[in-house]
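J.: Would you mind keeping the following structure in view while I ask a few things?
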Amino acid sequence: MENNCNGVIHRVVAGDTLYKLAKLYGVRLIDIMKENPYVNIYNLQIGDEICIPTDVYEEEERRYYSTKAGDNLSMILENMDTDIAKLFEFNKELYNITLPLGTILRIPPK
């Protein structure tokens, strides 16, 4: 994809749909479709690059971060100057992330 995207470039992974991406990024489906006129919306391919328009929302400052190999939540929180509660507030899908088998979590006392 050319670098004329007015927003964030999302690389399609298995299970992605434009509707799912609209919900994930909090943008309107029609805005994604307008920004990507040459994408076959009925046949997204893994690795396709989709422009997610973020500049259409001037009333609210939005920031996005696309994870990279080796990222962890601590690094992202520090680099984006936020905390875990706010990250979860803006990314409800994080509540459904599957942890690797055998992960041991320390649970604070009541």
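J.: Could you run the Karplus curve 6.51 cos²θ - 1.76 cosθ + 1.60 with θ = phi - 60° over region 102-110 and give me ³J(HN,Hα) per residue in whole Hz, x for Gly and Pro?
T.: x, 4, 9, 10, 8, 9, x, x, 6
J.: In nm, to one decimal, how far is the LYS86 label point from the LEU29 one, both placed 7 Å along Cα→Cβ?
T.: The modelled label-to-label distance comes out at 3.2 nm.
J.: Follow-up. Tell me which label goes with the value of P(r) over Cα pairs in 10 Å bins from 0, in percent computed from the coordinates here: (1) 13, 38, 25, 17, 5, 2, 0; (2) 13, 47, 33, 7, 0; (3) 11, 39, 34, 13, 4, 0.
T.: Read-out from the structure maps to (3).
J.: Based on DSSP H runs of at least 4 residues, each adding -39500 (n - 2.57), what is the mean residue ellipticity at 222 nm of the chain after dividing by all its residues, to the nearest 500 deg cm²/dmol? Write out the running numbers ahead of the final one.
T.: On the way: 4 runs with 29 residues, N = 110.
Counting only the DSSP helices, I get -6500 deg cm²/dmol.
Coordinate-derived values only; no laboratory data. All values derive from a computational prediction rather than experimental measurement. So basically every Cβ, Gly included, is an ideal-geometry build from the backbone, and we count neighbours across all protein chains shown.
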